[in-house]
Amino acid sequence: MPPKKRARGRPLKPTTEPGESASYGGDIREEAVKEKRKTSNAKGSVKTRADAVAPAEKILHSFWLMKSEPESRFENGIDVKFGIEDLKALPNQTGCWDGVRNYQARNFMRDMQVGQQAFFYHSNCKEPGIAGLMKIVKEAYVDHTQFDKKDVHYDASSKADNPKWFMVDVQFERMLNRFIPLSELKKIHLQHKAKGGALRDMALFTRARLSVQPLTSEEFDFVLSLEDKEAL
């Protein structure tokens, strides 16, 4: 049999998945019940950590960098390849960004809003880097691949009534005027880290393992400006 294709980019499914309710994507339960940290006040009464410490204000992001593999790689007989050309080839140039299995990356996707832009980053390939632009066209909803035993991203610990994993839908916008390689971005990052600059704290280097990363508007604008400049 020929190798099967990965789930990412498959034709979009209806909004409501098996076991999904309208509340998913909004009021979502966390992946595990967190143990309450208790602190004692001077009188010996007990209060939770949440009562003792005011919650930090959440940082909202408007731009993103999302990684996918443009070259064939097989997991359990399934090709996990999905590059920007594969997104372009889909109906309406739109697909679901499934298969994310990192909690922080998942949380970033739950923060995404329709209309926000993301760089399509080619990873785990001969020349990693930014290939083009896409936009978010559907906000976070339940990733059906976590329940599919035949899928490489199946998660037996995730339950339909309390799913762990979510995905968004993205639509191709355009290729960059030139491919911006990781090697060039790294050189700029090191320069900016030493002398100051837009990419000094870029998540691509400070949180390199994340497949979904936030960008500040300053980072996004600077990287986008590189497409019209000669490579370093």
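Quick note: the coordinates plus some simple rules give every number you see, no bench work behind them. Everything quoted here is computed from the prediction, not taken from an experiment. Note: ideal-geometry Cβ built from the backbone for every residue, glycine included; neighbour counts use all protein chains shown.
The table for this structure:
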item	result
FRET efficiency, 1/(1 + (r/R0)^6) with R0 35 Å, evaluated for residue 161 and residue 102 via beta carbons	0.95
In the range 112-216, lysine pairs closer than 21 Å at Cα, eight or more apart or cross-chain	9
Residues 69, 219, 85, 184 arranged by fewest to most Cβ contacts within 10 Å	85, 184, 69, 219
Extent along principal axes [Cα atoms of the range 62-227; Å; largest to smallest]	49, 29, 28
Per-pair calculated FRET efficiency, R0 = 30 Å: residue 62 and residue 127 via Cβ, rounded to 0.05	0.60
